[in-house]
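Values quoted throughout were computed directly from the atomic coordinates according to the rules given, and no laboratory measurement underlies them. Every value quoted in this text rests on a predicted model; they were computed, and no experiment measured them. Methodologically, a virtual Cβ is constructed for each residue, glycine included, from the backbone with ideal geometry; neighbour enumeration extends over all protein chains shown.
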C-alpha cells in the first residue's frame with residue numbers, strides 16, 4: 001500500500017508541474033487546487049487505512 005501511495009503522490013506532482021508550465025491564468029489555479037485536493041484525499045485515505 002505504501003508504494004501505491006508514493007506512486008500516486010509522484011503522479012500528482014508530475015501533473016502539477018506540467019500544469020504549472022503549460023497552463024496560465026485561472027485554469028492553472030483551478031487545476032492546481034484540484035490536484036492538491038486529490039492529493040489530500042489520497043493522504044487521508046491512507047491515514048484511515050493505517051488506523052484500521
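Scanning segment 1-11 for residues that are part of a helix (DSSP H, G or I) and loosely packed, with under 12 Cβ neighbours inside 10 Å turns up 2, 3, 4, 6, 7, 10. The residues in segment 19-44 that are in a helix (DSSP H, G or I) and either surrounded by fewer than 12 Cβ atoms within 10 Å (Cβ to Cβ) or within 11 Å of the chain's Cα centre (by Cα) (or both) can be counted, and the count is 18. Pairs linking a residue in segment 11-26 that is without any contact (Cβ under 8 Å) to a residue 24 or more places away in the chain to a residue that is surrounded by fewer than 12 Cβ atoms within 10 Å (Cβ to Cβ), with Cβ atoms under 9 Å and 6 or more positions apart or on different chains, are 19/27.
Residue 14 satisfies every condition listed in (1) exposed (fewer than 12 other Cβ atoms within 10 Å of the Cβ); (2) more than 13 Å from the chain's Cα centre (by Cα) except (2).
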